[in-house]
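Remarks on the structure that follows.
The values are calculated or read from the model by the stated rules, or taken from the named source; none is laboratory data. In this text the structure is predicted, and so the values were computed from the model without any measurement. Quick reminder, even Gly has a Cβ in these numbers, built from the backbone with ideal geometry, and neighbours come from all protein chains shown.
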Amino acid sequence: MREIFFSSSQVLTYIIKRCYLKNYPINQAKAQRLLFCSYGSVMALFDMRLTDERPITWEAGPIFPRALFDHMHHQLNFTDTQSPLEQRITQPAIIYVIDQTVDNFSGFTQEAFTQFLTAPGSPWADASGNGENLGVIMEDELIRNYFINHVVNPDAYSGPAMEIPLPAFSDSRWA
């Protein structure tokens, strides 16, 4: 798995701003769900973790605790015309996938979203024991496989290519 990721709060800020710009209804719960779906979609398509924070199981689905705290305590920055996420991302594929995910899932009602994310066989259901164990970190491979099988088809992806330059090989060894 690629270890390129961004602040969960910055990604959440971007998602909320997109919802406002597109006139999609948004609240804290829906913002967390859209963040989780973006996380899973990026993981499924590019085998890459989107955020520096992994989701945990919570009562009505997965959450990102630090991003939720920042949202609840008004610590997200909505005043910049370009969000910190947009400033840091040089890969159009990431923004494209987040945008597509937000556009596709924004029409879900709260009940439909909860049902989708907590259904038997979902990463939340497997990690939490169907809601018995809350606060459990959800494994990336579980999320990736679920999103490949139920949300995105990597073979049908037609958005921008992910172009991640590999560092030059160095023969300097420490041992």
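The table below lists the values:
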item	result
Selected residue (criterion: farthest from the chain's Cα centre (by Cα)) from residues of the range 125-165 that are surrounded by fewer than 15 Cβ atoms within 10 Å (Cβ to Cβ), outside any loop (DSSP other than H, G, I, E, B) and charged (D, E, K, R)	155
Tally of residues being under 17 Å from residue 7 (Cβ atoms) and surrounded by fewer than 23 Cβ atoms within 10 Å (Cβ to Cβ) across the range 39-49	2
Residues within the range 92-124 that are assigned to a helix (DSSP H, G or I) and surrounded by 18 or more Cβ atoms within 10 Å (Cβ to Cβ), tallied	12
Residues located in the range 91-128, provided they are in contact with a Pro (Cβ under 8 Å, 6 or more places away or on another chain) and among the hydrophobic types (A, V, I, L, M, F, W, C)	93, 117, 124
Residues located in the range 61-91, provided they are surrounded by fewer than 19 Cβ atoms within 10 Å (Cβ to Cβ), assigned to a helix (DSSP H, G or I) and modelled with pLDDT under 85	66, 69, 72, 84, 86, 87, 88
